[in-house]
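Below is one structure, written out as structure tokens, with a few remarks after it.
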Amino acid sequence: TDDMLNHAKIDDFDTVWNTFKKNKKYFPHIRTDYLKRMIARGQVVLDKGVIITYNVYKRKTRIGDVLCQPNDVILHQIVADKRDGSASVVLNDFFKFLNKRVFLSVRSENEIAKRFYEKNGMLKIGSISWARGTIPGDIYCYDSN
């Protein structure tokens, strides 16, 4: 595998947007302006049909009951065009590429996603909730050390 990870360019916007649109039931909140901003900032991986949006924290940031440090990464979304194992390959390439702690939050009921994260070396380390506490979530972390 190469050491670089392909990031989306603004010319890739339609590909990125259409992949999210195909998976709208999981990502109803994703908007075009958000994706364009993330692409412009270089925070959208587009590799092997897999899209990862992420951010590197500049300061200490709390996710639920977990405190993240500067330089930790928050993975916002991961979505794959096909269910062929490419998401695992790209996620692991993403971990190697960043070589940082990577955090994410997921709805507690999303068993498929949670199994995927655990299978790829992430550990459940905390909890969070949304919508004034009515939607429980779990926080996962991948630590390259």
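The values are calculated or read from the model by the stated rules, or taken from the named source; none is laboratory data. Not measured: the values here are computed from a predicted model. Methodologically, a virtual Cβ is constructed for each residue, glycine included, from the backbone with ideal geometry; neighbour enumeration extends over all protein chains shown. Side chains are part of the model used for accessible areas, which takes the heavy atoms of the whole protein and leaves out ligands, DNA and RNA. Shrake-Rupley method; radii C 1.70, N 1.55, O 1.52, S 1.80 Å.
Considering region 112-144, the residues that are over 16 Å from the mean Cα position of the chain (by Cα) and without any contact (Cβ under 8 Å) to a residue 24 or more places away in the chain include one that is most open to solvent (accessible area, probe 1.4 Å), namely R132.
Residues checked against (1) closer than 23 Å to D93 by Cα; (2) among the hydrophobic types (A, V, I, L, M, F, W, C):
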residue: A8; (1), (2): yes, yes
residue: I30; (1), (2): no, yes
residue: Y34; (1), (2): no, no
residue: Q43; (1), (2): yes, no
residue: I63; (1), (2): no, yes
